[in-house]
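Take a look at the structure below.
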Amino acid sequence: MTNHLGDIQNSKAIIIFGANPAVNHPVGFKHILKAKERNNATLIVIDPRYTKTAAKADLYARIRPGTDIPFMYGMLHLIFKHGWHDESFIKDRVFGMEHVIKEAKKWTPEKVADVTGVDVDTLIEITRAYATSKPGTLIWAMGLTQHSIGSSNTRMAPILQLSLGNMGKFGGGCNILRGHDNVQGATDMCCLSHSLPGYYGLSEGSWKYFAHNWGVDFKWLQRRFDTPKMMHTKGFTLAKWWQGVLREEKIYQRTPIRALWVQGNGITSIAQTAKVQQALDKLDLLVVAEPFANEAAVITNKKDNVYILPTATQFESEGSVTATNRTAQWRSKVVDPLYESKTDEEIMFAFAKKFGFYDEFVRGMMMGVRNGKAVKVKNTFKWPEDATREIARIIKTIGLTGWTPERLKRHQQNWHMFDEVTLKGIGPMKGEYYGLPWPCWTEDHPGSPVLYNIDIPVMEGGMGFRARFGTEYKGQDLLAGPHATIKGAKVKGGYPELTKDNIEKVLGIKLSPREKAIMGKNWKVDLSGLIAKYALKAGVAPYGNARARAYVWTFPDKIPMHREPLHTPRYDLAKKYPTYPDKKNHYRVDTKYMSIQKTDWAKEFPIILTTGRLVMYSGAGIIERSSKYLAALVPEMFASINPELAYKYGIKDGDMIWIHSPEGTKIKVKARFTYAVAPDRIFLPYHFAGIMQGVDMSDNYPEGTKPYAIGESANTVTNYGYDIVTQIPETKAGLVRIEKA
Ligand SMILES: Nc1nc2c(c(=O)[nH]1)N[C@H]1C(S)=C(S)[C@@H](COP(=O)(O)OP(=O)(O)OC[C@H]3O[C@@H](n4cnc5c(=O)[nH]c(N)nc54)[C@H](O)[C@@H]3O)O[C@H]1N2
Ligand SMILES: Nc1nc2c(c(=O)[nH]1)N[C@H]1C(S)=C(S)[C@@H](COP(=O)(O)OP(=O)(O)OC[C@H]3O[C@@H](n4cnc5c(=O)[nH]c(N)nc54)[C@H](O)[C@@H]3O)O[C@H]1N2
Ligand SMILES: [Mo]
C-alpha cells in the first residue's frame, strides 16, 4: 500500500480492480464508505462478479477474468486522447511513458470491448469519472495478481496512476489490500525463496551483510547449501514445491524434496490439490506445526511419518506485526499457550537445537553496533524485544531502523491518540504517525504514511521514488527532473541513492576521517547510521529521488502487455495475444506457458472458472470450519452459477454437479443460483477441504479434530498456470466443464 486505509477518506474517486473489500476487508471498507458519504467520492468497481463491494459502487464493469490490462490501456487511450493526464508529473517523475502511450493508442474502446466484454459506453463513463476527479486512489487485490500475467497487472495499475499524477498524493496512490494478519510483515521478512529479509537479494554481498549481522561465519552459511552456487539460486515456491517431489517437470536441484515442514499454511489453498496430494503421499516426512488439524495431514493417504505439532495461536504469543499499510503494531499475549501447545518461536528454537544450529540461529539477537560494526554485546536475549531490535538494526532497504520495541509499545499504549485520516499523533504522540509506517529512517523519524510524496519534508514522511536502477539508461535520465524537488530539501530535483563515495558531493558536506572509517559502503548497509543522519539533515531520503519506471528493460515485457490466460475462452485472441514461451528453471522447475495455451481448451471446457473468498471463512478454511457457529453459516461447498447457464445443463438450484478441469480432475459440489455471475462463468469459494474428487477423507482426521464442515477443495479444479515473474498460481482465470451429478 502506498497510502493507507484512513487516507482513502481523502479520495475523490476510488477505483477497485479485483478486490472485494466489503467481504474480505470489511473493517477497512468503512473508510471507503466514509469517502463516499463525506467526500462525495465516486466508487468504481471492476470485477467479473457483481460483488457486495460492487453493490455499493456508483459504476461497475463486469470484466472477463484476465483482461484488466486491455481495460487499463483502454482507460489510458482515453486519458491521453482527452488530455486528462498530468503532463508535468510525467515529465519530471516518470521514465518511459512514451512507450505506454504508443501501446495505448492501439486500444480503442471498441477493441477493449471485444477483449474485456465491457461495453464502450461503460469504459468511457468510468474513465471520465475517474480521470476527472482527483485525487483518485486505485485499489487492487487478488483479482489482479492470481494470473499468469499477474505481475504485469501489478505494473499496469501504477502506470495508470502515474499518468494521472495520482502517486505521492494524499487521497491517491495504489492501495493494495493485503491478506492475512501480518502478511506484510511476513513479506518484509522475506518468508520467500528468492530474497533475504528486507528484500536484500541473494548476492554474495547481501549474504555477507547478514552473516556479519548475525555474527556467523559466511563460510558456515555457505556450507548449509548443497553447493556454493545454490546459495545464490532462487528456491522452490509454495506454489510448486510438489513438483520438487513428483518431478514430472524438470527440476534444478540435485535431489528431490523428501520432507515437508508446514507452519502456518493450509496446503489445500495451493492450486493443483490433486498433485499436492500425490506429493504428500510420496514424502518421507510430513510435519505440520499448527493450532488446528491442518488438512495437509488429512488429504494424504500416508500412514507413517506424519506429525502434527500443537502450536499456539497469535493470542498466546507476543511481538510486532506489520499491517497492510506498512505500520507496525506491538501485540501482547492474551493467555499463556494452552494445553501442551508451544509458540512458533519455541518450536523453531527446538528445531534449531535438534539440528545443531541454535547458537547461530539466535546470536543476531545478542548483537549491537559499535563503530559501524555489528558485534556481540550480550550473552542472553529477550524474546521478542531483541528480535525486533535485530530487525531494526539490519533492515535499511525499507527503512525499519526506527522500529524499536520501546516506540512500538508506546504506540500500542496510545492507540487513541492518533487521527484516523492523517495517522498524526496527538498529545503525547505528537510528531509521530501511527505505527511508524515504513520507511521510518531513524529513531527520530515519524514514519511515512504516504509513499513518494514530495510535497512534504522528509522529516514529515516525504520522499521521491527510489533511485534503484542507476542514474541513466541508454542516455536517458533516470533521476527525477528539476521540478521534482522534495519540499525543504537542500538538493534540488533528482539525486542518486547515497553511498559513502558520493555523499559528500551530493549533500555538499565534509566527513571527518573517523566518519569515513565507520560508514558503510552505501545506505543499505550503513550500520553507523551516518548516511541516514546526514540525509535527513539535508532534507532528503537516503535512497535517492528518481523517476518511476513505466518501461522496465529487465522484465519479460518491457511495458505491460496483454496476454490471454493459459486456458482462454477466446482461442482467437490467444493467437493475437499469446502467452509466454515455456520457462525453464522458474524457481527451480520448468514451467509451462505456450505448450498449454496452444490447445483450444474451450472446446471441451467452455465455462470460465474464477475463485475467491467468503466473509465467514478464511484461506484453506480449517480455522472457521472448526467453529460450530461459523460453519453453520455455509455448511457446504458450492458453486455460484447463473440460472441461465444451469438451465442449459438441466441443473436446478441446490442440485449436486460435477466440475471437470482440463487437468483431468473433478469435484462434486452443490449448485447455488445467483445472478452475481454471468452465464459464461462460475465462481468457487476455496475454503473447503476434506473431500477429494468425490472421496470423503473424514477417517483421516485425528480423533476429535474433524471440523464441522468439510467439502471439495476448489483448488482441485483450478487450472495449471503460474505468473511469469512471481509464480503465483492462475487461480482467477481458468476453464471447466460441468454436468449434473
Ligand atoms: N473473509 C475473508 N477475508 C479475507 C480472506 C479470507 O479468506 N476470508 N483472505 C485474506 C487474504 S489472504 C487476501 S489475499 C485478501 C484477498 O482479498 P480479495 O482480493 O478481495 O479476494 P478474492 O475474493 O480472492 O478476489 C477479489 C475479487 O477479484 C475478482 N476477480 C477475479 N478475477 C478477476 C480479474 O481477472 N479481474 C478483476 N478485475 N477481478 C477479478 C473476484 O471476482 C473477486 O471478487 O483477503 C483477505 N481477507
Ligand atoms: N483458488 C484459490 N486459491 C487461493 C486463493 C484464491 O483466491 N483462490 N488465494 C491465495 C491466497 S492470497 C492466500 S494468502 C492463500 C491462503 O491460504 P493459507 O495460507 O493456507 O491460509 P490459511 O487457511 O489462513 O492458513 C493458515 C494456516 O495457519 C494456521 N495458523 C493460524 N495461526 C497460526 C499460528 O499462530 N502459528 C502457526 N504455526 N499456524 C497458525 C491455521 O490453522 C491455518 O491452517 O490461499 C491462496 N489460494
Ligand atoms: Mo492472501
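The values are calculated or read from the model by the stated rules, or taken from the named source; none is laboratory data. Keep in mind the model is a prediction, meaning the values are calculated, not measured. Cβ placement follows ideal geometry from the backbone for every residue including glycine, while neighbour counts extend to all protein chains displayed. Only protein heavy atoms, including side chains, enter the accessible area calculation; ligands, DNA and RNA are left aside. Shrake-Rupley method; radii C 1.70, N 1.55, O 1.52, S 1.80 Å.
Some observations on this one:
- Leu633 paired with Ala352, simple spin-label distance in nm, labels 7 Å along Cα-to-beta-carbon: 3.9 nm
- Under 12 Å, Cβ to Cβ, from Val725 - net charge with Lys/Arg +1 and Asp/Glu -1: +1
- Here is the P(r) of the range 341-483: all C-alpha pair distances, binned every 10 Å from 0, give 10, 29, 27, 22, 10, 2, 0 in whole percents.
- Separation of alpha-carbon centers, the range 468-515 and the range 98-151, rounded to whole Å: 35 Å
- Selected from Leu630, Leu573, Ser595, residue furthest toward positive end of dipole (the range 571-740; charges at beta carbon): Leu573
- Amide hydrogen neighbours beyond the local backbone of Phe465, cut-off 5 Å, H modeled: Ala546
- Accessible surface, the chain, averaged per residue in Å² (probe 1.4 Å): 41 Å²
- Net length gained if the chain between Asp653 and Ile124 were fully extended (0.36 nm per residue, minus Cα distance): 186.8 nm
- Shown for the range 347-412 is the translational diffusion coefficient from the Stokes-Einstein equation, using the Kirkwood radius over Cα pairs, a temperature of 20 °C and a viscosity of 1.002 mPa s: 165 µm²/s.
- Overall, the chain carries a charge dipole of about 1800 debye about its Cα centre when +1 sits on the Cβ of Lys and Arg and -1 on the Cβ of Asp and Glu, all other atoms neutral.
- Fraction of antiparallel bridges per DSSP, the range 571-740 only, in percent to nearest 5: 65 percent
- Pairwise alpha-carbon distances in the chain exceed 36 Å for 45% of all pairs.
- Each principal axis of the Cα cloud of the range 1-160 was evaluated for its coordinate range; sorted largest first, these ranges are 40, 33, 28 Å.
- Average Cα contact separation per residue, the range 6-176, under 8 Å, 6 or more apart, as relative contact order %: 31 percent
- Net charge over other residues, Cβ less than 15 angstrom from the Cβ of Thr705 (K, R count +1; D, E count -1): -3
- Cα centre as origin, Lys/Arg/Asp/Glu Cβ charges: the range 330-382 dipole, Debye: 420 debye
- Share of alpha-carbon pairs per 5 Å distance bin for the range 239-398, given as whole %: 1, 8, 13, 15, 15, 15, 14, 11, 6, 2, 0, 0
- Anisotropy class of the range 445-536 from Cα gyration tensor, a/c 1.5 cut: oblate
- FRET efficiency estimate (nearest 0.05) - Cβ-Cβ, Trp261 to Trp383, R0 22 angstrom: 0.60
- Ellipticity at 222 nm from helices only: DSSP H runs of n ≥ 4 in the chain, each -39500 (n - 2.57), divided by the residue count, give -7500 deg cm²/dmol.
- For the chain, with +1 on Lys and Arg beta carbons and -1 on Asp and Glu, the positive-most of Val298, Asn325, Tyr551 along the dipole: Tyr551
- Computed over the chain: relative contact order in percent, which uses C-alpha pairs under 8 Å that are six or more apart: 14 percent
- Shape call, the range 571-740: gyration tensor on alpha carbons, a/c limit 1.5: oblate
- Selection from Val23, Leu59, Ile101, by position along the positive dipole direction of the range 6-176 (Cβ): Val23
- Within the accessible surface of the chain, defined with a 1.4 Å probe on protein heavy atoms only, the carbon and sulfur portion equals 54 percent.
- In nm, spacing of pseudo-spin labels at Asp419 and Asp181 (7 Å Cα→C-beta vector): 3.1 nm
- The phi-based Karplus calculation (6.51 cos²θ - 1.76 cosθ + 1.60; θ = phi - 60°) puts the 3J(HN,Hα) values of the range 284-295 at 6, 8, 10, 10, 10, 9, 8, x, 10, 7, 3, 6 Hz, whole numbers, x for Gly and Pro.
- Shape class for the range 113-239: prolate, because the ratio a/c of the largest to smallest gyration tensor axis (alpha-carbon atoms, square roots of eigenvalues) is 1.5 or more and a/b beats b/c.
- Around the Cα centre of the range 609-741, unit charges on the Cβ atoms of Lys, Arg, Asp and Glu (plus for the first two, minus for the last two) sum to a dipole of about 240 debye.
- Charge sum, other residues only, whose C-beta stays under 14 Å from Leu285's C-beta, Lys/Arg counted +1 and Asp/Glu -1: +2
- Each peptide in 382-391, 615-624 gets a packing score, the mean of other Cβ atoms within 10 Å over its residues, and the list from highest to lowest is 615-624, 382-391.
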